[in-house]
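Only one structure is covered here, and it is reproduced in the block below.
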Amino acid sequence: MVRLSDVATVSFRQVTRKRLRFLLTMLGIAIGVAAVVGVVSLGEGVRTLSVEMIKDQSDLTLLEVNADIRDGVMIPITGQKIGEIERDPAIAGAVPSQRITYATERQTFISALDAAYSGFESVFTPTYLDGRGVQTGTEEVVFGYDLAETLRRYEGIRIGDRFTLLLRDYDEEGRPADIRQEFILVGVLRERGDELDLLMITDSGRTEGPFDSVFVRVESPDMVFPVVERVNGLGLASHGAFEQIRAVNQLFDIIVMVLSGFTGISLVIGALMIMNTMIISVFERTREIGISMAIGASSGDILRLILSECLFIGIAGGILGNLLGVAFAGVINSVGRNFVIAELGAGFSGFAGADIVMVTPEILLIGMVIAIVLSLLSGIYPALKAARLHPADAIRSL
Amino acid sequence: MAAIIQTEDLQKRFGREVMALDGVTISVEEGEYVTVTGRSGSGKSTLLNIIGCLDQPTGGTVRIAGATVDYTNQHQLVDLRRTRLGFVFQHFSLISGMTASENVEYPLIFSGVPKTERKKRAMEMLELVGILDRADHLPGELSGGQQQRVAISRALVANPSLVLADEPTGNLDSTTGGEIISLMKSINDESGTTFLIVTHEPGIWIGTDQTIHLADGRLVA
């Protein structure tokens, strides 16, 4: 049995006997690997920047958990489920809430969130432009920034004002019979850039359900996806900025896959080059292979020697391909960045100072694996051809 | 003395018409120096290839050192080539990218002999054939006679009981050819290694223990 170190030594000598041929063959696979590394790095870079942008611009650790609807049946949020959510160690705070829609007497519709105010504060950590928070079980309300602006301008409602809202209800015969409710505005929130700007916050003091949603504050951004998994496992549906990240990831998975498919064509050409080179090489060495068999090489030894030559081409092609790929990614980064920002528009101006490519160890490892696997696969046919040579015929050939 | 080679009614047919060997029965004793002669196409090389386990007969049997060769058993064929047999070919038989000593070591690689041991044995063999000073030369840098000396070293390095040489002097001038013949004869005398040499040059017949004449695939008395 031939030692592996000897197989390596002998095949390395063979490969380096025809240096130019080896170099060109290796270059074929290296260019393919470089294309894949460059394109995947670009995909990963833009993906990471997009996700970072979402993280910066939105409140990632805030989740809104709703009752899930499955097969047309709503699965309500019970006290038991709320208890389980609250006990989750990765959740910093949770507040059950009920959404109610009111209208002013001038028919301006107002969306209100009725929740325990202490819980609301722990989840949303509100800051006040004016006034203070509400007291539990009172008529006090707080307005979001935009709502406060609208109602001040069109309804003349200001801090300290008492005002009446209508809650749409129906009598026994189905006719509208609105309920009138009195409120006092005690605070206005600072502008947040989220849904809260449009809401009115109340705390009716209600502790029993039904609740239609629970707002959850997750301890840290890393824990968001595991928390979503656990919450959804309770038969509830989670919503939040994480959904954008998920959508971006899915989109980039597809983009990277499609682009890799295109660059894969160059890999196929590289693989064919290796196969061609090895077939020629085996043909040229027919007599040498026959002599090797005469002096003791088995078919298996010949197979191992030829495949080992392909392995060298693959390793060298992988290393060179990764180096070229990193260089290619560098070119994309410096040349392509302004183009990408220009194409995507002002919303992506955050890309200006950042790298649009990201070369990770995983990408380089994949490049290496592709080069080696393709080289070995391309070598199978020539290696089998060599191993099946008939020694007496092979020695006769010149 | 025991027979190292025994063939019984050996036949080799190529296609339908050509009968390269037709009922060849020979016996070679251990330590003999045997030449196989005949015109071109008489079946000499075919006989050598079959005894050397490089080709398969279409009829008859071959026994090497008492054991019948099963030509369908690749494992046995490879094992015989590694341990019992050494080959010397007519020309271009060295691996061009390897030095003389690496060429001599080469068969030992397939038997899994460690590098230091291989190196030592290769040097001993090159010394035996008198070209130790050429150990680091590539085949292209050696004369025809020197290349054949390297080939003989390579054939002997695994310490085989039988060396098969196919026209070993075919590509050499008569002086060099004569030197190669006397080298093989002296190795045969000193180490007792059996030599079976295929040739069509009458000069080589001198001093042989047995001469096998072939014509049209048959033994000629």
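Summary table
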| item | result |
| --- | --- |
| Failed condition for residue A:94, given (1) under 30 Å from residue A:114 (Cβ atoms); (2) open to solvent by 70 Å² or more (accessible area, probe 1.4 Å) | (2) |
| Breaking point among (1) over 18 Å from residue A:247 (Cα atoms); (2) open to solvent by 60 Å² or more (accessible area, probe 1.4 Å), for residue A:56 | (1) |
| Region A:146-177, residues that are of a type in the set (Lys, Arg) and not in a loop (DSSP other than H, G, I, E, B) | A:152, A:153, A:162 |
| Filter result for the condition that a residue is within 14 Å of another protein chain (Cβ to nearest Cβ), touching a Leu at 6+ places or on another chain (Cβ under 8 Å) and either under 30 Å from residue A:212 (Cα atoms) or aliphatic (A, V, I, L, M) (or both), over A:267, A:307, A:303 | A:303 |
| Tally of residues being over 22 Å from residue B:2 (Cβ atoms) and not in a helix (DSSP H, G or I) across region B:166-195 | 8 |
| Any hit, region A:270-279, residues being modelled with pLDDT of 90 or more and over 27 Å from residue A:39 (Cβ atoms) | yes |
| Criterion (surrounded by 19 or more Cβ atoms within 10 Å (Cβ to Cβ) and away from chain B (no Cβ under 14 Å)) met by exactly one of A:358, A:293 | A:358 |
| Unmet criterion (only one of (1) within 43 Å of the chain's Cα centre (by Cα); (2) exposed (fewer than 14 other Cβ atoms within 10 Å of the Cβ)) for residue A:180 | (1) |
| Residue match in region A:35-49 (condition: within 14 Å of another protein chain (Cβ to nearest Cβ) and more than 30 Å from residue A:240 (Cβ to Cβ)) | no |
| Looking only at region A:110-125, and only at residues there that are open to solvent by 10 Å² or more (accessible area, probe 1.4 Å) and modelled with pLDDT of 90 or more, the one that is farthest from residue A:200 (Cα to Cα) | A:114 |
| Members of region A:278-288 that are facing another protein chain (nearest Cβ under 10 Å) and in a helix (DSSP H, G or I) | A:287, A:288 |
| Members of region B:7-23 that are touching a Gly at 6+ places or on another chain (Cβ under 7 Å), among the charged types (D, E, K, R) and closer than 22 Å to residue B:66 by Cα | B:8, B:9 |
| Selection from region A:213-233 of residues that are crowded, with 17+ Cβ neighbours inside 10 Å and not in a helix (DSSP H, G or I) | A:213, A:214, A:215, A:216, A:217, A:218 |
| Within region B:124-161, tally of residues that are open to solvent by 30 Å² or more (accessible area, probe 1.4 Å), within 14 Å of another protein chain (Cβ to nearest Cβ) and not in a helix (DSSP H, G or I) | 2 |
| Neighbours by Cβ (under 7 Å, 6+ apart or cross-chain): first from region A:1-23, facing another protein chain (nearest Cβ under 8 Å) and of a type in the set (A, V, I, L, M); second open to solvent by 80 Å² or more (accessible area, probe 1.4 Å) and not in a loop (DSSP other than H, G, I, E, B) | A:2/A:304 |
| Test for residue B:116: is it farther than 23 Å from residue B:38 by Cβ and β-branched (Val, Ile, Thr) | yes |
| Pairs with Cβ under 9 Å, 6+ apart, first in region B:154-179 and within 20 Å of residue B:110 (Cβ to Cβ) and basic (Lys, Arg), second assigned to a loop (DSSP other than H, G, I, E, B) and open to solvent by 10 Å² or more (accessible area, probe 1.4 Å) | B:154/A:295; B:154/B:94 |
| Looking only at region A:198-212, and only at residues there that are open to solvent by 10 Å² or more (accessible area, probe 1.4 Å) and either part of a strand (DSSP E or B) or at pLDDT 90 or above (or both), the one that is nearest to residue A:78 (Cα to Cα) | A:211 |
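Condition check ((1) more than 24 Å from residue A:208 (Cβ to Cβ); (2) without any contact (Cβ under 8 Å) to a residue 60 or more places away in the chain) across all residues:
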| position | (1), (2) |
| --- | --- |
| A:85 | no, no |
| A:115 | no, no |
| A:133 | no, yes |
| A:146 | yes, yes |
| A:163 | yes, yes |
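The values are calculated or read from the model by the stated rules, or taken from the named source; none is laboratory data. What you are looking at is a predicted structure, and each value in this text was computed from that prediction instead of being measured. Quick reminder, even Gly has a Cβ in these numbers, built from the backbone with ideal geometry, and neighbours come from all protein chains shown. SASA here: full protein model, heavy atoms, side chains in, ligands and nucleic acids out. Shrake-Rupley method; radii C 1.70, N 1.55, O 1.52, S 1.80 Å.
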